[in-house]
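A quick write-up on the structure given underneath.
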Amino acid sequence: MNENTINNHFKKFKVLKCNNLSLGNSLKLKRQEQEQIFKDINKDIEDVNLDQIISGIGKLEENSEHVYNMMVNQNDIVQNTFILTEEILISLKTSSEDMKILHYRDWIKKLINEIAIRLNNTEGIGGWDVWKKISRAFDSKIDKERVDFRQSEMEHIKRLEEIINEVDISIEEFECLMRLRNKSNHKFHKGSQTMDEAKNQLKSFPENIVEIGPLKKVLKALEIWDS
């Protein structure tokens, strides 16, 4: 959960808390008024003061309407509090899943190592030198939100595509992995995983998380290339 989201939740919570306190105080006053009206009506009944009884009933009706409206408003505050609480819980769950998914950047690095090895002897250029060009191409495309790579980058991108296609990873899926790799380090939860641990944890994520499919292919590719 980012700082802006947290601050917005706090602001909403403070407003709801303030409104609820204000309504609570008003309801307390109205209840006291209600009690006094009942006392006055009872006294008027004892004194058989018909005009005052009718006037008291009118005040009671008006006060009851105020109390009802306040209760409706307070119910709205309670409902909004439930909504805010749900938003916070969803945000916390999403944040937790983001933290867990960042474990897999280590596996992406291992995949890149394997790719760099297979990029060796490309026109006499070392694999890591070729990878730097490919990595820069992805960074540029992602940062500038371009639809496609530059024409000058396509030769190396096509070579990458040939390599990752061997393990059923598409360029689109690989870009998804590069976006995950680039996520801020401050969210990264340190700790290493075995291959089995990585596979089992992936199974626990909701299938609608876009990185799940590509990450499964990363693990499969590393198993194939490491064997």
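Taken together, the values in this text are just the output of simple stated rules run on the coordinates, not laboratory data. Computed from a prediction, not measured in an experiment: that's the story for all the values here. Reconstructed Cβ throughout: ideal geometry from the backbone, glycine too, with neighbour counts over all protein chains shown.
On the principal axes of its alpha carbon atoms, region 102-226 extends 41, 33, 25 Å, with the longest extent given first. Ranked by how many other Cβ atoms sit within 10 Å of their own Cβ, fewest first, the residues K39, K199, K141 fall in the order K39, K199, K141. Here the residues V218, V72, ranked from fewest to most Cβ neighbours within 10 Å of their Cβ, fall in the order V72, V218. The residues W225, W131, when put in order of fewest to most other Cβ atoms within 10 Å, stand as W225, W131. Note on K39: aspartates and glutamates with a C-alpha under 14 Å away, same-chain residues under 8 apart excluded, are D47. For the cross-link pairs K17/K59; K133/K199; K100/K216; K141/K199; K109/K141; K133/K216, which exceed 22 Å when the distance is taken from alpha carbon to alpha carbon? Too far apart for the 22 Å limit: K17/K59; K133/K199; K141/K199; K133/K216.
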